[in-house]
Amino acid sequence: MREFRVPGLILTGSGSSLGIGRILRMRGVRHAFVVSDWFILATAGARAVLAAIADAGVQVTTHDRVTGEPTMEMVERAHRDCATAGADAVIGLGGGSAMDVAKAVAILMAHDGPLTRFEGAEKVPGGRVPLACIATTAGTGSEVTRFVIVTDEARDRKMLISSWEAMPDIAVADPDLTRDVPSRPMVAAGIDALTHAIESYVSRRSQPMTDPLALSAITRLSRALPRVLANPRDDEARAEMSVGALEAGIAFSNASVALVHGMARPLGAYFGVPHGMANAVLLPAVCEFSRRDATDRYARIGTAMGVGDGSGDGRDTVTAIADLCRSVGVPTLSDLGVARDAYDLVLGAMASDAIASGSPANNPRIATEAEIVDLYRAVWA
Ligand SMILES: [Fe+2]
């Protein structure tokens with residue numbers, strides 16, 4: 001049996017985020033707690049969303065304290081503010097970090113903490129306040145996923161909550177809100193989304209309901225990302241990226257990610273490499289490693305990218321992925337501030353953390369710890 005879930009309501013298209021207030025009001029919401037950060041809340045797009053919510057008769061309390069990737073402290077502070085405000089719905093407005101904090105707050109508004117109680121798979125009991133996530137980047141897909149990632153400072157580790165209760169009730173992917181994203185974060189978000197699509201398509205947990213979404217996302221993202229970078233006013237390409245990231249999010253929420261994500265997380269934990277860039281650095285080499293055990297799937301990914309007729313061995317696909325990463329300016333690890341000697345010292349630890357995350361077990365070709373160390377060495381530049 002395969003299980004496939006999506007949020008009950010998904011809004012897409014230019015201006016779609018302006019409809020959220022009316023929908024919340026119709027659902028009986030009186031007071032929404034909006035989790036975001038100060039940079040996003042200063043943008044014209046976010047201000048218009050907040051005004052539309054208020055115009056619909058829903059009181060708004062904003063929280064602008066999500067600074068970087070979520071931590072327990074950030075979640076606890078947001079939860080305190082939400083409880084003090086007496087809100088009866090939570091909205092995440094931002095990238096993956098704001099949306100993940102919003103998900104955690106919605107869980108804590110319904111269930112006693114600490115959040116660590118809910119670490120792992122399906123540990124969140126049913127019932128919580130309404131939760132909407134409005135994405136301002138075309139990347140993480142968090143608006144449609146069941147995942148929450150929060151760093152637990154006390155244990156110095158990233159905690160993963162994987163629960164259908166963390167999936168928002170309403171997801172919004174409005175391309176207009178991505179206009180304020182600078183080009184480098186746009187690349188990171190776009191390649192992150194492409195990695196979600198590729199990994200969910202080759203995942204051992206891929207399924208008939210996720211495959212078409214993954215392939216569609218690969219086509220949209222691989223075509224649209226270079227166009228948006230070349231011309232930030234290309235609204236058609238921006239809309240394609242927005243839908244592509246959403247499709248990729250649905251695909252990986254139901255089929256999981258694999259070795260690239262498993263290896264990317266330690267690069268973030270040990271060296272602070274941003275999530276999307278860590279994926280981007282690893283993606284071509286890990287696809288080349290994995291291709292042998294899923295040649296047909298990699299060949300079809302190539303077709304989705306406009307390369308080959310799907311009958312090859314996937315080699316052209318890997319070349320196309322590497323070319324795409326190069327053309328959009330994916331930096332090297334040394335560009336990202338990783339020092340070679342420090343990197344060499346933790347290769348074994350990173351490989352074992354990657355395996356412990358569980359994601360590499362979904363990869364078509366299962367990598368040993370030694371092979372993961374070799375892959376980390378191979379991507380060094
Ligand atoms: Fe990701």
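Values in this text are rule-based calculations from the coordinates and carry no lab data. Being a predicted model, the structure only gives us computed values, none of them experimental. Please note: Cβ atoms are built from the backbone with ideal geometry, for glycine as well, and neighbour counts cover all protein chains shown.
Would you please classify the overall shape of the stretch 1-96 from the alpha carbon gyration tensor, given that a ≥ b ≥ c denote the square roots of the eigenvalues, rounded means a/c under 1.5, and beyond that prolate means a/b larger than b/c while oblate covers the rest? Judged from the Cα gyration tensor, the stretch 1-96 comes out rounded (a/c under 1.5).
In this structure the amide hydrogen of Arg157, modeled in the peptide plane, comes within under 5 Å of the amide hydrogens of Asp152, none closer than 5 places in sequence on its chain. Note the full-extension length gain between Ala342 and Ser14 as 0.36 nm times their separation in residues minus their Cα-Cα distance, in nm to one decimal. Value of the extension gain: 113.6 nm. The ratio of the alpha-carbon radius of gyration of the stretch 218-319 to the globular-protein estimate 2.2 N^0.38 Å is 1.15. Net charge dipole, the chain: roughly 520 debye, given to the nearest 20, about the Cα centre with Cβ charges of +1 for Lys and Arg and -1 for Asp and Glu.
Remark: the Cα gyration tensor places the chain in the prolate category, a/c being 1.5 or greater and a/b exceeding b/c. Oblate is the label for the stretch 182-378, because the ratio a/c of its alpha-carbon gyration tensor axes (a ≥ b ≥ c) is 1.5 or higher and a/b is not greater than b/c. Annotation: the antiparallel percentage among DSSP beta bridges lying fully within the stretch 9-177 is about 20.
Ordering Thr43, Val75, Phe4 by the projection of their Cα atoms onto the charge dipole of the stretch 1-99, which places +1 on the Cβ of Lys and Arg and -1 on the Cβ of Asp and Glu, puts Phe4 at the extreme positive end. Amide H contacts of Leu9: Ala171, each under 5 Å away and 5 or more positions distant or on a separate chain (H built 1.01 Å from N in the peptide plane; Pro and chain starts excluded). Helices meeting the span-like rule in the chain (full DSSP H runs, Cα extent of at least 27 Å along the helix axis, mean Kyte-Doolittle score of -1.0 or higher): 183-202, 211-230, 235-255. Normalising the average separation of contacting C-alpha pairs (under 8 angstrom, six or more residues apart) by the number of residues puts the relative contact order of the chain at 15 percent. Just name one of Ala193, Leu246, Pro266: the one whose Cα is farthest towards the positive end of the charge dipole of the stretch 193-266 (beta-carbon charges, Lys/Arg +1, Asp/Glu -1). About the Cα centre, the residue reaching furthest to the positive side is Pro266. Dipole orientation for the chain: of the candidates Ile23, Gly312, Ala106, Ile23 has the Cα lying most toward the positive pole (charges on Cβ; Lys, Arg +1; Asp, Glu -1).
Rounded to the nearest 5, the antiparallel percentage of DSSP beta bridges internal to the chain is 20%.
Overall, the stretch 303-363 carries a charge dipole of about 60 debye about its Cα centre when +1 sits on the Cβ of Lys and Arg and -1 on the Cβ of Asp and Glu, all other atoms neutral.
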